[in-house]
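For reference, the structure discussed in these notes is given below.
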Amino acid sequence: MSNLERRPDEVTSPAIAPATPVEVLPYREVPLGGPRAMTVRRTLPQRERSLIGAWCFVDHYGPDDVSDSGGMQVPGHPHTGLQTVSWLFSGEIEHRDTTGAQAIVRPGELNLMTAGSGIAHSEFSTPATSVLHGAQLWVALPSAERGAGPGFEHYAPPVTEVDGARVLVFLGALLGQRSPVAMHSRIVGAEISLRPGQSLAVPIDPTFEHGLLVDSGTLTVAVAGAGHTVEAKRGELAYVPTGQPEVALEAGRDEPVRLLLLGGEPFGEQIVMWWNFIGRDHDEVVAFRDQWQRERQEQPPIGPGRFGTFPTEWAHTLPAPELPNLRLRARPTKRDR
């Protein structure tokens, strides 16, 4: 998914420590463009926190009636220095990219696109989709891997039952399940569903920090020895810092809970993220933008370019937003008192 904000911030993302063992990060609503825009709930990046492990971008959307909003209509657009993780709860999205990959994103199935040195892709909800509901997630690539070639992978994880909870592990390992998808940093991603009133103790890697994105219901979160619990509602992200061997999850008594557990080893590198690009400094990100603008204007390409050959199905591509008149500066990350 593209970041369609007209004035996207540039974000420098260091890892920081929270003031409390568990905290709830609110979301902000971002329209995806147009008068009938589908709106997403964005919890990463934000001023209080920009990274959870290598997870650097979290958009949560739906359930969205596509007859009203038009669904997802995102023409070809670029990415660098990251991987996109597409995860649906309902509906379908057609993906095309400049590696030649074409795939239908379906509920409960991982679609992972690696941008590396550069890729472009498009995302459109299919004509058969009446309700669109899911999450679009980005993973930052470490410096040693961010210049790798682009690629695309698909994986349908098995549904497992753990103490009555429904679990799908799509990246990393959790609750006895392991995804075969190779990643460039140590991370985990899973969908967990709880019945009304159900509790589940989840052993987690204490070297990881974790985020619990609530898709539906009200989730209570506690960690051993914290002496307190927090409550997160739909669209909110509960943050659990490193050093915790287990997290206790509990659904409200009146409705089930579905959540995404996202975790990883603290990234340990600063990144600069602007629009759909991740780089390491201002000049690099500006160069990515300039390259994209040139290449989208010379399709079919004059020669090999950073973002590849555009699919013939693309009638048009997204232009990059305008840069401000002043040199972009990193947005400071708010440190907890």
(request) Pull up region 72-93, narrow it to residues that are out of contact with any His (no Cβ under 9 Å at 6 or more places or on another chain) and not β-branched (Val, Ile, Thr), then point me to the one that is nearest to residue 114 (Cα to Cα). (result) 82
(request) Go through (1) surrounded by fewer than 22 Cβ atoms within 10 Å (Cβ to Cβ); (2) within 20 Å of the chain's Cα centre (by Cα); (3) over 30 Å from residue 320 (Cβ atoms) one by one and return the number of the condition residue 212 breaks. (result) (1)
(message) List the strands (runs of 3 or more DSSP E) inside region 77-134, counting only whole elements, that have at least 3 residues being closer than 20 Å to residue 213 by Cα, polar (S, T, N, Q) and within 14 Å of the chain's Cα centre (by Cα).
(response) 82-90
(message) Can you say whether residue 64 is in contact (Cβ under 8 Å) with a residue 60 or more places away in the chain and of a type in the set (D, E, K, R), as far as the supplied structure shows?
(response) yes
(request) Scan region 218-266 for residues that are in a loop (DSSP other than H, G, I, E, B) and either more than 23 Å from residue 90 (Cα to Cα) or over 20 Å from the mean Cα position of the chain (by Cα) (or both) and report the count. (result) 18
(message) modelled with pLDDT of 80 or more and surrounded by fewer than 22 Cβ atoms within 10 Å (Cβ to Cβ): is that true of residue 65 in this structure?
(response) yes
(request) Go through region 279-319 and count every residue that is assigned to a loop (DSSP other than H, G, I, E, B) and polar (S, T, N, Q). (result) 3
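The values are calculated or read from the model by the stated rules, or taken from the named source; none is laboratory data. These figures come from a predicted structure and were not determined experimentally. Cβ sites come from the backbone with ideal geometry, for glycine too, and all protein chains shown count toward neighbours.
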